């Protein structure tokens, strides 16, 4: 197929017609130079168009809602910006708007050097999952009416989004199909239904929890080289649910907790989990409502960062907190986990950055070289759209050399090929970059130097009781000494006692310290009164 003469195109189309008969899909070849599309002959079954048409004729069949996306994709192919693609769009088919998936790749003729696009169309059944879900519900209803014993189980692929991002949607779809076949092999008692993009459900009658667990482990073992699998299961009779929708909810709750517990495991439903989930749903609804209401209940608190040896206040870390409408305070860890899990971290992160930039400018006027540290989730860097919104805030200020963005140390740092470009953009505005919780993840200092990281913050778990823990003391010293060779500054977090401070004072080259020994997080007004007006409150801290 490297020689794309017109005679060979005819042969290729003949092959396409055979393939379409066998698979039911639609194949095409685009001559980019002449803007001609050659379709397999079954295209007439899909829409009102012949098997040989010009590009403009094909564009007229594409829905007005998706035409810009398709044209932009084709333009990128023509300009060699991309070599292959995988997109969904709607066309005006015989029965109205029809979703299709189109995949293709550019090829170049060795003889003529002409470029061609080879691809295929397949229809997307947007109602299939809904029909499958209704089937599952009918089966559950029958099991309830018959008072059957056994379990209902649902399976989900862990991190499918990352698999699609790293390897392509084609690999992701292949894994989904493999999981479906594997579940069918292992569960022969009843049909398996696909009830979500990567979620499958089945009833396993007359089995104990141990037997269900063995089935899960067999599926997990067979799929281990392709992906991790989580599953949630609920007893058909234990919780006396007389409604199939409730049983489905229980199974979904169990799957949710399986993923929450670290993924790649099976979790059996219990009523305590359900109560926790209902409480979480209520809190998340409140968070969404209050974010829309000018971030009601949210607070930004500031914890001082002090220079080593002099203990002069040289900056602070901004920390977001939330007080519920009923007065309850959410823990910081729980709040951030909810914001990330329910896609609220972007809005809150932008609000925090905007407010801390303004606050940092005010405090810089009083303390020279004052630095404002702002935490940022890696989830906030996963889309160009959000990065552009971050830039809109950053560009409001002439220079932001008083801002340090803290990224949590994680292997995910390396999953974003454009991270270096983002950092370069920030640095052009004077922003510094720090890695938080250093030592708990996967980073090497040499790798961080390549990412032009300015600072690492040694996790408090290593600072804790280091005056009594020789291993921790040596580890902290080695990290600090090594960081110096890479010209990376070091902040030691979690300093809570005088003894820990004394131990750190014996180690050279640590630049800054942070912890409850100096202060807990404070409101902006309290921070101003306590530290901005008196930046040297700790100068006698180690005096006898």
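The values are calculated or read from the model by the stated rules, or taken from the named source; none is laboratory data. As the structure is a prediction and not an experimental result, all values here were calculated from the model. Note that we place each Cβ from the backbone using ideal geometry, even for glycine, and neighbour counts take in every protein chain shown.
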message = Quick test for you: out of 67, 91, pick the one residue that is touching a strand residue (DSSP E or B) at 6+ places or on another chain (Cβ under 6 Å) and either over 27 Å from residue 10 (Cα atoms) or buried (at least 17 other Cβ atoms within 10 Å of the Cβ) (or both).
response = 91
remark   = Among residues of the stretch 354-373 being modelled with pLDDT of 90 or more and either within 20 Å of the chain's Cα centre (by Cα) or assigned to a loop (DSSP other than H, G, I, E, B) (or both), the residue surrounded by the fewest Cβ atoms within 10 Å (Cβ to Cβ) is 365
key: Test: residue 319 is within 28 Å of the chain's Cα centre (by Cα), modelled with pLDDT of 95 or more and under 24 Å from residue 492 (Cα atoms)   = yes
task = Look at residue 312 and say whether it is more than 25 Å from residue 259 (Cα to Cα), assigned by TED's automatic domain parsing to the domain that holds residue 505 and surrounded by 14 or more Cβ atoms within 10 Å (Cβ to Cβ).
result = yes
task = Being buried (at least 17 other Cβ atoms within 10 Å of the Cβ), at pLDDT 90 or above and assigned by TED's automatic domain parsing to the domain that holds residue 259 narrows it down to one of 144, 187, 136, so name that one.
result = 187
Filter pass, residue 258 being closer than 12 Å to residue 156 by Cα and assigned by TED's automatic domain parsing to the domain that holds residue 138 = yes
message = Regarding the stretch 501-509, can at least one residue be identified that is under 22 Å from residue 404 (Cα atoms) and surrounded by fewer than 22 Cβ atoms within 10 Å (Cβ to Cβ)?
response = yes
task = Give the residues of the stretch 522-542 that are closer than 15 Å to residue 360 by Cα, in contact with a helix residue (DSSP H, G or I) (Cβ under 7 Å, 6 or more places away or on another chain) and at pLDDT below 95, sorted by residue number.
result = 532
inquiry  = Restricting to the stretch 390-408, name every residue that is in a loop (DSSP other than H, G, I, E, B) and either under 26 Å from residue 493 (Cβ atoms) or modelled with pLDDT of 85 or more (or both).
reply    = 400, 401, 402
task = Scan the stretch 452-472 and report the pairs whose first residue is in the same structural domain as residue 513 (by TED's automatic domain parsing) and whose second residue is surrounded by fewer than 17 Cβ atoms within 10 Å (Cβ to Cβ) and part of a helix (DSSP H, G or I), with Cβ atoms within less than 7 Å and a gap of 6+ or a chain change.
result = 452/427; 462/475; 467/499; 467/502
query = Which strands (runs of 3 or more DSSP E) sit wholly inside the stretch 1-104 and have at least 2 residues that are at pLDDT below 90?
reply = 84-93
request  = Would you mind stating whether residue 452 is farther than 19 Å from residue 511 by Cα and at pLDDT below 85?
outcome  = no
ask   = Can residue 529 be described as assigned to a helix (DSSP H, G or I) and loosely packed, with under 13 Cβ neighbours inside 10 Å?
value = yes
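Would you be able to say whether some residue in the stretch 280-302 is more than 30 Å from residue 321 (Cβ to Cβ) and either surrounded by 18 or more Cβ atoms within 10 Å (Cβ to Cβ) or without any contact (Cβ under 8 Å) to a residue 40 or more places away in the chain (or both)?
No: zero hits.
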query = Given the structure, is residue 149 more than 26 Å from the chain's Cα centre (by Cα), closer than 27 Å to residue 272 by Cβ and either without any contact (Cβ under 8 Å) to a residue 12 or more places away in the chain or surrounded by fewer than 17 Cβ atoms within 10 Å (Cβ to Cβ) (or both)?
reply = yes
remark   = If we ask which residues in the stretch 96-133 are closer than 22 Å to residue 46 by Cβ, surrounded by fewer than 15 Cβ atoms within 10 Å (Cβ to Cβ) and over 30 Å from the mean Cα position of the chain (by Cα), their number turns out to be 2
